[in-house]
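Okay, so here's the structure we're looking at.
The values are calculated or read from the model by the stated rules, or taken from the named source; none is laboratory data. Values in this document were obtained by computation on a predicted structure and should not be read as measured data. Here the Cβ positions follow ideal geometry from the backbone for every residue, glycine too, while neighbour counts run over all protein chains shown.
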Amino acid sequence: MSNFFNKVAGGINKGVNTVSANSKAVMEKTKVKGVITNLENERRQYIQALGQMVYDLHAQTGQISATDEITGYLTEITKRLEMMQQQNEELARIDAELAAATNTANPAAAPQAQVPVPPAPTPPVAAGTVCTCGQQNPGGAKFCAGCGSPVQ
């Protein structure tokens, strides 16, 4: 009879340990997902500021060229993407720890909590040709961005 009670107690302890590990993992994952959300919001703000700067530059000069400020925004956007990737790796680590704590035979079969990371922005293209209208066009452009005429 005592063997039966030992098995029941062992089952209860295992269940308590599993619930404890699951709740800890949920709390950690929620925290990491919050960090990812904040990084994504910052990335969007940088993209919006970059877009406004490029628009203002085009409105003032009729040209767009890579400035230190534009490059700085692109660098900050790339940093946010890299930090988001690091946080996704942290989510994978938490999932692996949870699988080990709950004796999941195949951690890959456990639900993964990765948040998609958008691709990094393309760095500015070096100056290309200048059209007869004065518009600076990126390298490889076939038509002028200012007047639409073909460029060499």
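Does Val54 fit the bill of being modelled with pLDDT under 85 and of a type in the set (A, V, I, L, M)?
no
Report, ordered by the first and then the second residue, all pairs with beta carbons closer than 8 Å, sequence separation of six or more or different chains, a first member in segment 7-20 that is in the same structural domain as Ala101 (by TED's automatic domain parsing), and a second member that is assigned to a helix (DSSP H, G or I) and at pLDDT 70 or above.
Asn17/Ala101; Thr18/Ala101
Restricting the search to segment 129-144, which residues are surrounded by fewer than 17 Cβ atoms within 10 Å (Cβ to Cβ) and within 17 Å of Ala66 (Cα to Cα)?
Residues satisfying the conditions are Thr129, Val130, Gly134, Pro138, Gly139, Gly140, Ala141.
Report, by residue number, each residue of segment 28-66 that is of a type in the set (Ser, Thr, Tyr) and either within 13 Å of the chain's Cα centre (by Cα) or surrounded by 15 or more Cβ atoms within 10 Å (Cβ to Cβ) (or both).
Thr37, Tyr46
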